[in-house]
Amino acid sequence: MATTAATTKVPEVRDVTRIERIGEWRRGAPGRPATSLFLAQVSQGMVGQLAARRAAGVVLGIREERWRAQADRGPAGTAKATPWVWGMAQALGPCPTLAGRILSGDEQDGSPDPGLPQVHRGSDKVRVEETEIIEGEVVEIQIDRPATGTGSKVGKLTLKTTEMETIYDLGTKMIESLTKEKVQAGDVITIDKATGKISKLGPLPLWVPLKLAHPSRTKPFPGPDGELQKRKEVVHTVSLHEIDVINSRTQGFLALFSGDTGEIKSEVREQINAKVAEWREEGKAEIIPGVLFIDEVHMLDIESFSFLNRALESDMAPVLIMATNRGITRIRGTSYQSPHGIPIDLLDRLLIVSTTPYSEKDTKQILRIRCEEEDVEMSEDAYTVLTRIGLETSLRYAIQLITAASLVCRKRKGTEVQVDDIKRVYSLFLDESRSTQYMKEYQDAFLFNELSETGRRHPRAPALGPRGGGG
Amino acid sequence: MAVPGWLERLRAAEKTALLQDGRRKVHYLFPDGKEMAEEYDVKTSELLVRKWRVKNALGAVSPWQTEVGEPTASAGGVLGSELIKESSSNPIFMRKDTKTSFQWRIRNLPYPKDVYSVSVDQSERCLIVRTTNKKYYKKFSIPDMDRYQLPLNSSALNFAYANCTLIITYQKPKEVLDAEEELQRELKKADHGGSAHVGVLIKLPQGPAKTESPVQTPLF
């Protein structure tokens, strides 16, 4: 057992944020108020697509009216899916990431499994409940790791108020969230005992020279006093699905955390609906309309579509947003063709927003934001070249090149990415169309090629084959 | 008497009693959905355990909250080990009544004797334990005194410290003693015939039991 004292735990903690991958479509830092999110030319990391964004603005406006569904279609690489989720999530107010739930059509294996109803119920939120919290100033955190590197960590946390001190034993999950929140000695934190949610209230003046940080504030922020454990009436947000789970089985909360919920009977769901409606009448609970986002919606099968059809008619239906890049194609699970692979009767219930390919100006803007996000300096010429690449191949490919080019630049000890760096990575990494071209030319050299005119197959790979791909 | 509000509530509750292991176990289900379970020593009629359980807004049943007696160890399990719990080296607080007084024991208190002080807070109707070295602080109310709506009196309070344990004693006022005696009489009435068997469930009569003879409905 290697024991690390509180003071030395910091370096390991710091690295967590740096490892985070920047999502492919994330083009700007979130956090600014989302007032004119969908109207400015560049806003909240969204560039161009003015018409589609106006439509999204309207969606937000009438969300209050519990308006139902919308489909989002357009050619590949035109910012249908992920930026939408980002944009909507930021504009949705009190619980943005909770309200949006992503169910990728790919994950559906065609069977009408409990997943879809569950996600559907999970996207609507109800606000009720109370919880027990611990509030105190951190005196010491001690985390013990097994010397072998495997097995669970255990730890101790000492909290104090002006009146008392208590030692707590920590479980694995709690250690993780303490690490993630970067809790250190001197911080005042609250811990929700039931869910383990930690919030940092900030350090005490004892540990931060307050006069330096805020010269105007002279009154020190008082530390917590009295007993450590407090029962607080807190407004709590739970989804309908969570209420379903609690009421469907005797083990209640345990099932919710272990994830094994089993089948929830429709009678239970109906009862819950009635109960929630009652709470709403009494003013006890408030319902926050959810947003259910389904990406690659053409991958849902006919049974799922039938479910959605019916679900959209219910009182508790969330706003449904779907995205697809298919044209007229076969509906999964049938032999019928339909626009976007969605049955006509469901399409009829949707509003359709179309996205268009990016213009040169937009592409450049996106690449600029992206470079900023990745901390890459780039010369003006390199931007132009990269924009060209983005227009001729795909925006995704151009974005991938940024990181690669900055690595090449760093290798030659440059500070700013130049055209040569771009050229170099462009020759090193193939885009989709060049790769296809290459494969067409050398198809004979690959195993199991099916394009060969003669139908002749090569049972063994010739010398050229394995060396093909990346160069 | 202005106090019998609590006794009236007990009478209105649906009661089930059980004699087991030398203890009389009584379960009360109140009209508002709250549940209370009590255990008495059969010989001395001392209250050993009293715990409460309520249903929360979502319909889930909360774990039992111990008011008197040793708190049952939390279920632990998967959830417990993942999150946070108080270390076993912390002071343990429990209530253990005697016939004539309410008594609390705080074990695992290693500090010297003279750091402790116990006082009555009239405005919040609670007792406060303080330590001058700022290591322990506890604020607790006496639910019995709240139920009978009696004022707290600091002269009834005293405390002693020995063997790492702080014992706080509060003399039961006369009203409480009278009410408890009456409750014992009613509980005992239910025993006629049933008391010889171990583990007999008895539905206690509802409403004023004084006027009618106890009705026994064994459940099995």
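The values are calculated or read from the model by the stated rules, or taken from the named source; none is laboratory data. Remember, it's a predicted structure, so these values are computed and weren't measured experimentally. No Cβ is skipped: glycine too gets one built from the backbone with ideal geometry, and neighbour counts run over all protein chains shown. With ligands, DNA and RNA removed, areas are computed over all heavy atoms of the protein, side chains included. Shrake-Rupley method; radii C 1.70, N 1.55, O 1.52, S 1.80 Å.
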In segment A:143-158, residues that are more than 10 Å from chain B (Cβ to nearest Cβ) and part of a loop (DSSP other than H, G, I, E, B) total 7
Residues satisfying the stated conditions in segment A:426-452, i.e. loosely packed, with under 15 Cβ neighbours inside 10 Å and of a type in the set (A, V, I, L, M): A:Leu428, A:Leu447, A:Leu451
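For segment A:181-190, check the following and say yes or no: at least one residue is modelled with pLDDT under 65 and within 13 Å of chain B (Cβ to nearest Cβ).
Of segment A:181-190, the ones modelled with pLDDT under 65 are none.
So far as segment A:181-190 goes, no, none of its residues is modelled with pLDDT under 65 and within 13 Å of chain B (Cβ to nearest Cβ).
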Picking from A:Thr356, A:Thr436, the residue that is within 28 Å of the chain's Cα centre (by Cα) and under 29 Å from A:Arg326 (Cα atoms) would be A:Thr356
So which pairs qualify, if the first residue must be in segment A:159-178 and facing another protein chain (nearest Cβ under 7 Å) and open to solvent by less than 40 Å² (accessible area, probe 1.4 Å), the second must be in a helix (DSSP H, G or I) and of a type outside the set (Ser, Thr, Tyr), the Cβ gap must be under 8 Å, and the two must be at least 6 apart or on different chains? A:Leu170/A:Leu178; A:Gly171/B:Gly80; A:Gly171/B:Glu82; A:Met174/B:Glu82
Across segment A:276-301, which residue is modelled with the lowest pLDDT among those that are open to solvent by less than 90 Å² (accessible area, probe 1.4 Å), within 13 Å of chain B (Cβ to nearest Cβ) and assigned to a helix (DSSP H, G or I)? A:Trp279
Tell me, yes or no, whether segment B:44-53 has at least one residue that is open to solvent by less than 30 Å² (accessible area, probe 1.4 Å) and either closer than 30 Å to A:Ser177 by Cα or at pLDDT below 85 (or both). no
Is there any pair with a first residue in segment A:346-359 that is under 15 Å from A:Arg396 (Cα atoms) and a second that is open to solvent by less than 30 Å² (accessible area, probe 1.4 Å) whose Cβ atoms are under 6 Å apart and which are 6 or more apart or on different chains, and what are they? A:Pro357/A:Thr78; A:Tyr358/A:Gly48
Read through the list (1) out of contact with any Cys (no Cβ under 6 Å at 6 or more places or on another chain); (2) within 12 Å of another protein chain (Cβ to nearest Cβ), then give the number of the only condition that B:Leu150 fails. (2)
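Only one residue in A:Leu320, A:Leu256 is assigned to a helix (DSSP H, G or I), at pLDDT below 80 and farther than 30 Å from A:Gly390 by Cβ. Which one? Reasoning before the result, please.
On the way: A:Leu320 fails: assigned to a helix (DSSP H, G or I).
Only one candidate passes the filter, namely A:Leu256.
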